[in-house]
1. Identify all residues within region 154-191 that are over 25 Å from Asp267 (Cβ atoms) and small (Gly, Ala, Ser); write none if there are none.
2. State all residues of region 114-157 that are under 17 Å from Gly255 (Cβ atoms) and without any contact (Cβ under 8 Å) to a residue 24 or more places away in the chain; if no residue qualifies, say none.
3. Among (1) at pLDDT below 95; (2) surrounded by fewer than 16 Cβ atoms within 10 Å (Cβ to Cβ); (3) at negative phi, there is one condition Gln81 misses while meeting the rest; what is its number?
4. Scan region 220-227 and give yes if some residue there is touching a strand residue (DSSP E or B) at 6+ places or on another chain (Cβ under 7 Å), of a type in the set (Val, Ile, Thr) and within 16 Å of the ligand (Cβ to nearest atom), otherwise no.
5. Looking only at residues that are open to solvent by 20 Å² or more (accessible area, probe 1.4 Å) and among the small types (Gly, Ala, Ser) in region 230-277, which one is farthest from the ligand (Cβ to nearest atom)?
6. Which ones in region 129-154 are farther than 26 Å from Asp186 by Cβ and within 13 Å of the ligand (Cβ to nearest atom)?
7. Looking at Ala213 and the list (1) surrounded by 18 or more Cβ atoms within 10 Å (Cβ to Cβ); (2) modelled with pLDDT of 95 or more; (3) farther than 30 Å from Phe106 by Cα; (4) hydrophobic (A, V, I, L, M, F, W, C), which single condition is not satisfied?
Amino acid sequence: MTGQHVTELDAGVPDQVSAVPDRSTVRLALVVGGLVLAVLLGFGLGRINGGGPSAGAGLDGALTDHTHAPGTGGHEHGVGQAAAVEAGGLAVSSAGYTLTPLTGDFTAGRRGELRFQIRDAQRRPVTRFAVVHDKPMHLIVVRRDLTGYQHLHPTMAADGTWSVPVTLPQPGVWRAYADFTALADDGRQAAVTLGVDLVAPGGYQPRPLPAAATSVTVDGFTVDYRGSPQAGLTVPLTFRITADGATTVPERYLGAYGHLVALREGDLGYLHVHPEPALVDGAVTFWLTTPGPGRYRLYLDFQVAGVVRTAEFTVTVA
Ligand SMILES: [Cu+2]
């Protein structure tokens, strides 16, 4: 969830209801997404990053129409949205919000505590957050070689200070992502992912990224996916879990039948992912937006018999 640009567009629009497009809408959205990309190329992509008011009413129109295409929803974003093509989590400040760590010392292998605030443009700690995927705050922690993935849910004190126990098991530089939707006084919602490095001093032995694969096994569960991520597009990836050759239906977890995070090799950009709310034939589908060619690491959290496991995949996007 990059959120930044979409938020500006959404600001004047009352109460978007999150919904997931049906197949025909999706097909349309993919086509529209391509058109929007073409328009973007025509106007120059700088407009997206800068967010300035000067360049191109036509572009605003295209984005606005697209952002509010039927069946796509508010801060959850929709299918093929150009604004969501940019990766998030690359900065401590975005869209007027700043991630401010209040603790920062970690010892590899020892339990520590991460405390932080999200501050608004007036430097006030934000205390109102929308519940998205069952939680007001999702914290992802991963070492910069994309190993050691953790998905945590900090708790907030009344003053807006978030805290969560964190163990960084191996030395190195780790990336922490705060994925949240802030509620401003005027009711605006800003879906933002901010990122900050955490350091566990010591000898860092980076591991190479595993080869690309569409099937992995974790604790006796085989998880495979179908779908072909494409640079600059939002495409469906459908994951199926099997055990002993039979499809295993995952339980609901974080408001869906799984939770998917995708990170980009090289800068650890955090990609936009949109889950389908329902299973189809026991499989769960996510819509993934990959901004450009490269290698990505996917982390699928799924729950079976009350236990959450993570299936990790390397994906190469040509
Ligand atoms: Cu979470």
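1. Selection gives Ala157, Ala158, Gly160, Ser163, Ala184, Gly187.
2. Val131, Leu152, His153
3. That leaves (2) as the condition not met.
4. no
5. Only one residue fits best here, namely Gly245.
6. Taking region 129-154 as the starting set, the residues that turn out to be farther than 26 Å from Asp186 by Cβ are 139-153.
Answer for region 129-154, where residues must be farther than 26 Å from Asp186 by Cβ and within 13 Å of the ligand (Cβ to nearest atom): Leu139, Ile140, Val141, Tyr149, Gln150, His151, Leu152, His153.
7. Every listed condition holds for Ala213 apart from (1).
The values are calculated or read from the model by the stated rules, or taken from the named source; none is laboratory data. Quantities reported herein were computed from a predicted structural model and do not represent experimental measurements. Glycine also receives a Cβ, built like all others from the backbone with ideal geometry; neighbour counts cover every protein chain displayed. With ligands, DNA and RNA removed, areas are computed over all heavy atoms of the protein, side chains included. Shrake-Rupley method; radii C 1.70, N 1.55, O 1.52, S 1.80 Å.
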